Amino acid sequence: MPAPTPASAPVKAQLSPLLRLLILTQLAFNIGFFAVLPFLAEHLGGAVGMAGWLVGFVLGLRTFSQQGLFVVGGALADRYGVRPVVLAGCALRIAGFGWLGYAEQPWTVVGAVLLIGFAAALFSPAVESEVARQAVLHEEAGGGSRTRVLALFTVAGQAGAFVGPLLGALLLELDFRAVCLAGAGVFVVVLAAHAWLLPQHIPGRTRVEVRGGIGPLLRNRRFLALCCAYGAYLLAYNQLYLALPAEVERAAGSQAPLAWLFALSSVLVVTAQLPVTRWVGERLSLRRSMTAGLVLIAAGFAVVAAALPAGWTGTAGLLPAAGFVVLLTLGQMLVAPAARSWVPDLAEDGRLGLYTGALSSVSGLIVLIGSAVTGTLLDTRLPPAVPWLLLAAVPAAAVLLLPRAAPRRG
């Protein structure tokens, strides 16, 4: 039997050592982060004694200090290189988790949470932009589609998000401080590995001044259109934590089934992301892949909206929610890798970090505003199906925002 060609050989076997390091980095990042995050709200409300509104405010601060400042981390990576920004971010995350484990007053908790968020705003866009750049080089060298590489990056992150809470739950039998220190320990390992293995200068990555990049970015209509479409996807995905719990509560009388639905989403990504990406990559352009994903997500909301008038409860009532999770996750598999694959084609030379960070920051702002509107809709006395129909319209309308000309596939 002839040896497989570069285009058909398994992607993993062809990855460069740097790409393997960065993909394993995403796995470790999420293990450390999700070992702590799922248990933070309960700790703040219980052990620290914060009021519910203050818990929500603190969690919102964490999201803002992370997602909102991605553009800063990306610009710093363009200016100073990947290595110093990643190392600084890991050091701040270690300090933040250690501080959180010992924080007992609201102001100390706020400081620790801001530090934890800003740490991610440093290392995540640096890693993501370099993975995207290396994926393009991998594609140009005949190693396979860049989208497959970025799909593997997504799988690694999802696997970390699955393992992290299990680790945290085990350590929570001791106390929350043990959970925080374990999360810090993961980042100590990541920091040591990158100090040893990450090159001082990555070939082909040029350094540019921080100034002068924002103006062209704001005039780049195709990139901003991609940001808006990606923001619509993220707003829809965020309904796993907003609209879905309300629907599960209605159908089951409690939120206990949520854990199973989240596990279903994680297992789907880990097991099906690469086969789905491989199948789609051979047939669809980046634009068509994102279009199909957004349509699937809209269909997921429509399934729940169509079932709500029947008023099903119990196991039957949970079936539309499960259908929503499956369709949303399938849509995520198509949208997320395609969007990240598209950014290098729209970014200015030398400013991939800035554009990668801006994708997260702009879409994060859309999610922040859209979530407030969604929460208001869910609290109104509208018929239950109406908010879900309006949410279905968001990803459907986002299809119209996608740039018309997709880049040529490798």
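The values are calculated or read from the model by the stated rules, or taken from the named source; none is laboratory data. It should be emphasised that the depicted structure is a prediction, and the values quoted were computed from it without experimental measurement. Using ideal geometry, Cβ is built from the backbone for each residue, glycine included, and neighbour counts are taken over all protein chains shown. Just the protein is used for accessible areas: all its heavy atoms, side chains included, with ligands, DNA and RNA removed. Shrake-Rupley method; radii C 1.70, N 1.55, O 1.52, S 1.80 Å.
Screening the stretch 131-243 for helices (runs of 4 or more DSSP H) wholly inside it with 3 or more residues that are among the β-branched types (Val, Ile, Thr) and crowded, with 16+ Cβ neighbours inside 10 Å returns the ranges 146-171, 176-197. Is it true that some residue in the stretch 327-335 is crowded, with 16+ Cβ neighbours inside 10 Å, within 23 Å of Thr154 (Cβ to Cβ), in contact with a helix residue (DSSP H, G or I) (Cβ under 9 Å, 6 or more places away or on another chain) and without any contact (Cβ under 8 Å) to a residue 60 or more places away in the chain? Yes. Looking at Gly117, is it in contact (Cβ under 8 Å) with a residue 24 or more places away in the chain, within 28 Å of Val269 (Cβ to Cβ) and outside any helix (DSSP H, G or I)? No. I'd like to check something: does the stretch 274-281 contain any residue that is small (Gly, Ala, Ser) and at pLDDT 85 or above? Scanning the stretch 274-281, I find no residue that is small (Gly, Ala, Ser) and at pLDDT 85 or above, so the answer is no. Filtering the stretch 55-89 to residues that are part of a loop (DSSP other than H, G, I, E, B) and either charged (D, E, K, R) or closer than 25 Å to Leu234 by Cα (or both) leaves Gly68, Leu69. Residues of the stretch 41-100 that are of a type in the set (Lys, Arg), closer than 24 Å to Gly185 by Cβ and touching a residue at least 60 places away in the same chain (Cβ under 8 Å): Arg83, Arg93. Candidates in the stretch 244-282 are the residues that are farther than 27 Å from Ala398 by Cα and touching a Ser or Thr at 6+ places or on another chain (Cβ under 8 Å); of these, the one that is least open to solvent (accessible area, probe 1.4 Å) is Ala251. The set of residues in the stretch 331-346 that are within 27 Å of Glu249 (Cα to Cα) and either over 19 Å from the mean Cα position of the chain (by Cα) or modelled with pLDDT of 95 or more (or both) contains only Gly331.
Applying the selection to the stretch 266-322, what residues are outside any helix (DSSP H, G or I), more than 18 Å from Ala385 (Cβ to Cβ) and not small (Gly, Ala, Ser)? Residues satisfying the conditions are Glu282, Arg283, Leu284.
Given the conditions (1) more than 30 Å from Ala259 (Cβ to Cβ); (2) open to solvent by 20 Å² or more (accessible area, probe 1.4 Å); (3) part of a helix (DSSP H, G or I); (4) modelled with pLDDT under 90, which single one is not true for Leu92? In the conditions (1) more than 30 Å from Ala259 (Cβ to Cβ); (2) open to solvent by 20 Å² or more (accessible area, probe 1.4 Å); (3) part of a helix (DSSP H, G or I); (4) modelled with pLDDT under 90, Leu92 misses (4) alone.
Residue selection: Leu122 satisfies the criterion of being within 25 Å of Pro17 (Cβ to Cβ), assigned to a helix (DSSP H, G or I) and modelled with pLDDT of 85 or more. Of the residues in the stretch 286-306, at least one is among the charged types (D, E, K, R) and either open to solvent by less than 10 Å² (accessible area, probe 1.4 Å) or under 18 Å from Leu150 (Cβ atoms) (or both). Would you mention how many residues in the stretch 309-321 are aliphatic (A, V, I, L, M), over 11 Å from Ala252 (Cβ atoms) and open to solvent by less than 30 Å² (accessible area, probe 1.4 Å)? Looking only at that region, the number is 0. Considering the conditions (1) in contact (Cβ under 8 Å) with a residue 40 or more places away in the chain; (2) in a helix (DSSP H, G or I), Pro403 is excluded by exactly one of them, (2).
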